[in-house]
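Worksheet: one structure, shown below.
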Amino acid sequence: TTIVTLLKTVNMIIINTKKYNMKHILLTLLFTPLIGFGQNILYLGGKAHLGNGELIDVSAISVNNGKFEMVANAKTIRINPQAFDTIIHIYDQHVYPAFIATNTTLGITEISAVRATNDYRETGTFKPHVRSLIAYNAESVIIPTIRSNGVLLAQIAPQGGSITGSSSVMKLDGWNWQDAVIKADDGIHLNWPRYFVQTGWWAEPGDIKKTEEYDIQCQEMEDYFIRSKSFYESKSTVNDLPMMAMQGLFSGEKRLYIHANLQREMTDAILFAKKMGVKHMVIVGAQEAHKMSAFLKENNIAVILDRIHRLPATESTGVDVPYKQAAILHEAGVKFAFCYQGDMEAMGQRNLPFSAGTAVAHGLPYEEAVKALTLNTAEILGIDEHTGQIKSGMDATFFISKGDALDMIGNDVKFAFIKGQAIDLDNKQKILNRKYRKKYGLEIK
C-alpha cells in the first residue's frame, strides 16, 4: 500500500509541475517496470532522430502499451496534459530508435581464450540447420555493455564452414533465448569461396594469389543448392534437417546472407543466387562494394558493410576508402547497414554507433547514418514491420542520449526502452568504475 501511494504521489508531482530534472526522470523510470507499461507516457521536447532519415528538433512522442502512439513536432501541435498519465520533459536530449547490430557472435561467445564459453562454430562444411538461437546466452555479461551505447537489438550469427548456419534476431534483454527472440531463423549465412588469398601471415604478409580451387568450390556450392531446391520442389516429407532448413530460401521466408568482399566474388554470388531462385539475398562484408554500386542498385541488392574501422584490403587501396564507402553507396542509392565483424566482435558491438559516426565525418549525411543503424537494418533483416523507426504503431524500442549517440564524446545513453519497458543500463564496467573511483576518492560520475 505504501509503495502504491508513493507511486501515485510521484506521478501527481510530475503531471502537475511539468518541471523536470534528471532526478525526477530517474525516479519515474525507476518504477516503470511496475507501472509504466499500462501508462500513456509523453516524452516532450527531445531532438528526435526518427530512423527514416527525418529529424524533429522539438518532438512530442507518446508511448502507450509498448507502442509509439503519437510522434509529432511539438511546435506545431496543441498538447492536452490531461490526455497523458505522465509527461517527461527531455529538452536538450536526443531520442533514437534502437540501434541494431548485425552478423555478430554476441551472446554465443564470452571469453575467446576459454573454449567452453565459445558456442558459435560447429564442425562440417554445409550445415544450414545449425541454429544460433538455441545457443544464445541472455545472461552474458557482455550484453549490458553493448546496450549502454544504444545497441538494443542484434542479429546473432554462427560461423565456420561454407554454410555456417541460421541466424536469429534477438532483443538484448530477457531471461533466456525464448524470451529474447524477435525473429527466429531469419536467414542462412554462406561464406562465398575466396577468389584471391593472402599468403604469409599478419606479421609477414606474402603475395596475393588466385585460389586454385575457386571454381571447384563454387561448383560444390551449386550442387548443394540444386539438391536443396529439388527437395523443396518435391515437397518431400523426409525428415532431412539440412534440406528442411534450406527451404525458406526458395519460399522467401528466409534471407541468404552471402559473405563476400571482392568485386568478382560479389558478382558471382549475386548471379549464383538469382540462378538458384533465392528470393532474398544480402551481401555481408562487401569491402569492394563501392566499385560496383551501379550493379548492386540495378539488382536491388542490400549490403551489410564490414567494420569501417579497418585497414584497406590492399596496398593500392586508399586508407580512407573504408570510411567513405558508406557515402558512396548512399549516393548510388544502394541500401546498406553496418556491422562490426572481426576480432573481438562481441564486445566490440558497443563501438557500432561510432562506426556510423566515422562515415558521417567522411560524407554520409547524419540522418542517413542513423537510418543505416535502424530502419535500413530492420528492412534488411525483415523486422521493419514492428521496429526500426520512431513511428506511430511501431514497437517503442528506443533510447534517450544526453548527446550525439554517434560520437564517442557525445554518446551518453541515459534511458533505454524495449517495447516500452525501461531496461537496466548498468553493467560490470560501470560498477568497477564506481568502485575504484570511490576507493581513490574521485568524483563518481
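Only a single criterion out of (1) among the hydrophobic types (A, V, I, L, M, F, W, C); (2) modelled with pLDDT under 95; (3) under 27 Å from THR164 (Cα atoms) is not satisfied by ILE108, namely (2).
For the stretch 405-444, the set of residues classified as of a type in the set (Lys, Arg) and either in contact with a strand residue (DSSP E or B) (Cβ under 9 Å, 6 or more places away or on another chain) or open to solvent by 60 Å² or more (accessible area, probe 1.4 Å) (or both) consists of LYS414, LYS419, LYS428, LYS430, ARG434, LYS435, LYS438, LYS439, listed by residue number.
Would you confirm, using the coordinates I've provided, whether GLU345 is open to solvent by 20 Å² or more (accessible area, probe 1.4 Å) and among the charged types (D, E, K, R)? Walk me through it before giving the result.
On the way: open to solvent by 20 Å² or more (accessible area, probe 1.4 Å): no; among the charged types (D, E, K, R): yes.
No; evaluated as a whole, the condition is false for this residue.
How many residues does the stretch 376-415 hold that are within 12 Å of HIS94 (Cα to Cα) and not in a loop (DSSP other than H, G, I, E, B)? Going through the stretch 376-415 one residue at a time, the tally reaches 7.
Determine whether the stretch 359-374 contains at least one residue that is in contact with a strand residue (DSSP E or B) (Cβ under 8 Å, 6 or more places away or on another chain), open to solvent by 20 Å² or more (accessible area, probe 1.4 Å) and in a strand (DSSP E or B). No; the residues of the stretch 359-374 include none that is in contact with a strand residue (DSSP E or B) (Cβ under 8 Å, 6 or more places away or on another chain), open to solvent by 20 Å² or more (accessible area, probe 1.4 Å) and in a strand (DSSP E or B).
Could you tell me whether any residue of the stretch 340-355 is in a loop (DSSP other than H, G, I, E, B), touching a residue at least 40 places away in the same chain (Cβ under 8 Å) and in contact with a helix residue (DSSP H, G or I) (Cβ under 7 Å, 6 or more places away or on another chain)? Looking through the stretch 340-355, at least one residue is in a loop (DSSP other than H, G, I, E, B), touching a residue at least 40 places away in the same chain (Cβ under 8 Å) and in contact with a helix residue (DSSP H, G or I) (Cβ under 7 Å, 6 or more places away or on another chain). Within the stretch 307-324, can you find the residues that are open to solvent by less than 10 Å² (accessible area, probe 1.4 Å) and within 21 Å of LEU381 (Cα to Cα)? Of everything in the stretch 307-324, just one residue is open to solvent by less than 10 Å² (accessible area, probe 1.4 Å) and within 21 Å of LEU381 (Cα to Cα), namely ILE308. Taken over the stretch 111-133, residues that are at pLDDT 95 or above, hydrophobic (A, V, I, L, M, F, W, C) and surrounded by fewer than 22 Cβ atoms within 10 Å (Cβ to Cβ) amount to 1. Screening the stretch 171-215 for residues that are more than 30 Å from the chain's Cα centre (by Cα) and not in a strand (DSSP E or B) and picking the one that is surrounded by the most Cβ atoms within 10 Å (Cβ to Cβ) gives TYR214.
The values are calculated or read from the model by the stated rules, or taken from the named source; none is laboratory data. Owing to the predicted nature of the structure, the values given are computational and were not obtained by experimental measurement. Here the Cβ is made from the backbone with ideal geometry for all residues, glycine too, and neighbour counts use every protein chain on show. These accessible areas exclude ligands, DNA and RNA; they are computed on the full protein's heavy atoms, side chains included. Shrake-Rupley method; radii C 1.70, N 1.55, O 1.52, S 1.80 Å.
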